[in-house]
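Below is one structure, written out as structure tokens, with a few remarks after it.
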Amino acid sequence: MQNIVLIRDPEHDKSFYPRFNLEDTSSFRDLDDHSKNVLKRFYYDYYFHRQDKLWRQNALKTLPALLNSSDMLACGEDLGLIPACVHPVMQELGLIGLRIQRMPSEPDLEFGIPSQYSYMTVCAPSCHDCSTLRAWWEEDEERRHRFFKSVIGSDDLPPSQCVPDLAHLIIRQHIESPSMWAIFPLQDLLALKEEYMTRPATEETINDPTNPKHYWRYRVHVTMESLIKDKELKTTIKDLIQGSGRSYPHIGEAERQLSRETAALALGKQ
């Protein structure tokens, strides 16, 4: 069943539908190039063009009900191959999108550019359904070289591990982006300090959607109490937030408020 490329229509014996991700099957890989190209055209037309009107109709019917039922801010996971109607519908309904640097929405880019993200987005270097920043860095040496050259802007040999200085630069790129929200998995923030990098990076993934036996088993290897006491890590994160202008109240505003309160107290004592 896993290797079926076309699924027969139960109501019409001579009609077939392409199965999702048909390119991942061994049946597809065994076909000649011409047959592969024909099936790929059929697949993309069926999922991303022919159904577009249906996707839009259902979205405009279902999503408003969801949005009106809660005061929470809704975010659409608009990653990878998506129907053409997705972004226009999200814009029409005021839904914010998701930007993961390794999965750019632009087809001509291998890595997203945080400084070019739109305000109506949530940006992150990784998420619960993919490997962490450290693990992703160690997965592919050639990709690591391309990232170091195109994103970091260096022709030097990149480090084999995502060292704290590198993690700091990538996190800073995200936190300084125009995105409404910059959200970071705890594992990526722990990469800011070498002390917390003793655990193998491959053990940091929260969930692997491709592996049914790997589901939400991650447990942090440091206690919350020890992190609260870590002044160095807290200062690093605080400096990143304040330097990006995302802190609230802003530094100047907080200082002015403190000055006003101090002056009021002084007048009260007089």
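The values are calculated or read from the model by the stated rules, or taken from the named source; none is laboratory data. This one's a predicted model, so the numbers in the text were calculated from it and none came from an experiment. Because the Cβ atoms are built from the backbone with ideal geometry, glycine has one as well, and the counts that use them run over all protein chains shown. Areas reflect the complete protein model, heavy atoms only, side chains present, ligands, DNA and RNA absent. Shrake-Rupley method; radii C 1.70, N 1.55, O 1.52, S 1.80 Å.
Side notes on the structure shown:
- In summary, helices (runs of 4 or more DSSP H) completely within region 1-69 and bearing 1 or more residues that are closer than 20 Å to Val89 by Cα and among the hydrophobic types (A, V, I, L, M, F, W, C) occur at 52-68.
- Ser69 meets each of the listed conditions (1) more than 30 Å from His174 (Cα to Cα); (2) open to solvent by less than 40 Å² (accessible area, probe 1.4 Å) apart from (2).
- Every residue from region 78-99 that is open to solvent by less than 50 Å² (accessible area, probe 1.4 Å), of a type in the set (A, V, I, L, M) and touching a helix residue (DSSP H, G or I) at 6+ places or on another chain (Cβ under 6 Å): Val89, Leu93
- Against the numbered list (1) closer than 29 Å to Ile7 by Cα; (2) surrounded by 17 or more Cβ atoms within 10 Å (Cβ to Cβ); (3) outside the structural domain of Ile4 (by the TED database), Ser126 comes up short only at (1).
- For the condition in contact with a strand residue (DSSP E or B) (Cβ under 9 Å, 6 or more places away or on another chain), assigned to a loop (DSSP other than H, G, I, E, B) and either in contact (Cβ under 8 Å) with a residue 24 or more places away in the chain or of a type in the set (D, E, K, R) (or both), Cys130 qualifies.
- Region 137-190, subset of a type in the set (Phe, Trp, Tyr) and free of Cβ contacts under 8 Å to residues at least 40 places away in the same chain, residue surrounded by the fewest Cβ atoms within 10 Å (Cβ to Cβ): Phe148
- In region 204-250, residue surrounded by the fewest Cβ atoms within 10 Å (Cβ to Cβ) [restricted to those that are outside any loop (DSSP other than H, G, I, E, B) and touching a Ser or Thr at 6+ places or on another chain (Cβ under 7 Å)]: Ile241
- One residue stands out in region 100-116 among those that are in contact (Cβ under 8 Å) with a residue 24 or more places away in the chain and touching a Gly at 6+ places or on another chain (Cβ under 9 Å): the one that is surrounded by the most Cβ atoms within 10 Å (Cβ to Cβ), namely Gln101.
- Selection within region 191-203 - exposed (fewer than 13 other Cβ atoms within 10 Å of the Cβ) and assigned to a loop (DSSP other than H, G, I, E, B): Thr198, Pro200
- All conditions in (1) without any contact (Cβ under 8 Å) to a residue 40 or more places away in the chain; (2) closer than 19 Å to Gln101 by Cα hold for Glu232, with the sole exception of (2).
For every residue, the table says whether it meets (1) within 12 Å of Arg99 (Cα to Cα); (2) at pLDDT below 95; (3) more than 16 Å from the chain's Cα centre (by Cα).
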position: Ala124; (1), (2), (3): yes, no, no
position: Leu169; (1), (2), (3): no, no, yes
position: Gln173; (1), (2), (3): no, no, no
position: Ser179; (1), (2), (3): yes, no, no
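- Residue list for region 1-46, filter: surrounded by 11 or more Cβ atoms within 10 Å (Cβ to Cβ), within 25 Å of Ala84 (Cα to Cα) and charged (D, E, K, R): Arg19, Glu23, Asp24, Lys36, Lys40, Asp45
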